[in-house]
1. Of all beta bridges DSSP finds with both residues in the stretch 1-92, what is the antiparallel percent, to the nearest 5?
2. Tilt of helix 192-206 relative to the longest C-alpha principal axis of the chain, in degrees (0 to 90, nearest 10)?
3. Looking at the chain as a GNM with Cα springs under 10 Å, which of 153, 203, 39 has the largest mean-square fluctuation?
4. Quick one: of the DSSP bridges fully inside the chain, what percent are antiparallel, nearest 5?
5. Note the angle between two axes, namely the Cα long axis of helix 113-125 and the longest principal axis of the Cα atoms of the chain, as a number of degrees from 0 to 90, rounded to the nearest 10.
6. What angle, in degrees between 0 and 90 and rounded to the nearest 10, separates the Cα long axis of helix 214-233 from the longest principal axis of the Cα atoms of the chain?
7. Looking at the chain as a GNM with Cα springs under 10 Å, which of 121, 194, 170 has the largest mean-square fluctuation?
8. Given a cut-off of under 8 Å on Cα pairs at least six residues apart, what relative contact order in percent is computed for the chain?
């Protein structure tokens, strides 16, 4: 299942003109940063390390300017962002869900890393104003990432503490948290004392001293801790 996708249009890396545009895209960002924010942040995490480090300050400045809705002088990072897509090469980047686990398919054979990162930042700047700060936060989290592209990155981009984060958790954090703690999914606002009691019970059940596997205990404890945080602060 495709959760989010973006078509990035760009000049060829060897072309004398350096251009970037955004083509067709589906970047859901509710609740923010949503699947769209995770995809854009993952693009930055994957290709950001390949950029010249001297470009990073301007890239961070651009992310803030777009978040604030300012007019962006061109070019930036030596590339011109434009609306016209005629004559440009196209690359698709997609976020998928396989049995609840997320993965990203990167299409980078015909694009320079700077083109893909720039397009992701510009796309984040075009998200609804109410969602844009958290989407742009995912962009900046991605640019600062130095690990593998996988579950831990997706959790990091979502602003969550769990060591692994599923597609269901991104689409409906409260529903995910209720299921993790074994609470009634229809009760979207359980009493604080109920959440705390169920958290303590689940924590006890997840501990190796009570029969849980040593190999899965850490991940389970991280999940139930994150579920409690969502229900008590959401």
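Throughout, read-outs are computed from the coordinates displayed, never taken from laboratory work. Since this is a predicted model, take the numbers as computed values, not measurements.
1. The answer is about 85 percent antiparallel.
2. 90 degrees
3. 203
4. Counting DSSP beta bridges with both partners in the chain, the antiparallel share is about 90 percent.
5. 70 degrees
6. 80 degrees
7. The residue with the greatest mean-square fluctuation here is 194.
8. On the way: 412 pairs, mean separation 53.8, N = 234.
It comes to 23 percent, rounded to a whole number.
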